[in-house]
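The values are calculated or read from the model by the stated rules, or taken from the named source; none is laboratory data. Just so we're clear, the structure is a prediction, and the values are computed from it rather than from any experiment. Quick reminder, even Gly has a Cβ in these numbers, built from the backbone with ideal geometry, and neighbours come from all protein chains shown.
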Amino acid sequence: MQQSPPRLIKRSAEYLPVEEVLKIPRGIRGIYVLYSHKPKTNKYDVVYVGMTTAGEGGGIRRRLRSHKVRKSGLWSHCSIFEVWDNIRDDEIVELEGLFRHIYHHDSKANSLNVQRRFKKLIQVRDPDIENWG
């Protein structure tokens, strides 16, 4: 059985070196991840998770160029996840909020990744899972 393409993600490119940021087309909306590459183990530690929406001129490329300056030396690679055109900006914000929430209390996550909580997720919190059905 053939599977359909992902509903949210149109395209992705993973573990791009920081030097390739300018090759990313302008206007790409979606989620991006900054990594610090550990050559000895060939592992990529997450440094930061971010997003861009339609209202942000330049999209992911602009944000990554900004991070090259503001977070210089803290990351070496990035991954980008472009969303489909029919994905609303508030859905992108929700995805980023979920990722931020996951990293909020992670002791191994880089301190740059510890951001404010995603309030909408807290609003739907219901720990009484027996009543979910």
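The number of residues in the range 69-106 that are modelled with pLDDT of 90 or more and of a type in the set (Lys, Arg) comes to 1. If you check GLU19, GLU14 for being of a type in the set (Asp, Glu), assigned to a helix (DSSP H, G or I) and surrounded by fewer than 17 Cβ atoms within 10 Å (Cβ to Cβ), only one passes: GLU19. Only a single criterion out of (1) in contact (Cβ under 8 Å) with a residue 40 or more places away in the chain; (2) over 21 Å from LEU8 (Cβ atoms); (3) of a type in the set (Phe, Trp, Tyr) is not satisfied by TRP84, namely (2). Only a single item in (1) outside any helix (DSSP H, G or I); (2) surrounded by 15 or more Cβ atoms within 10 Å (Cβ to Cβ) is not met by HIS67, and it is number (1).
A quick yes/no check of all residues on (1) farther than 16 Å from LEU74 by Cβ; (2) in contact with a helix residue (DSSP H, G or I) (Cβ under 7 Å, 6 or more places away or on another chain); (3) not charged (D, E, K, R):
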| site | (1), (2), (3) |
| --- | --- |
| VAL18 | no, yes, yes |
| VAL21 | no, yes, yes |
| ARG26 | yes, yes, no |
| ARG29 | yes, yes, no |
| TYR35 | no, no, yes |
| LYS40 | yes, no, no |
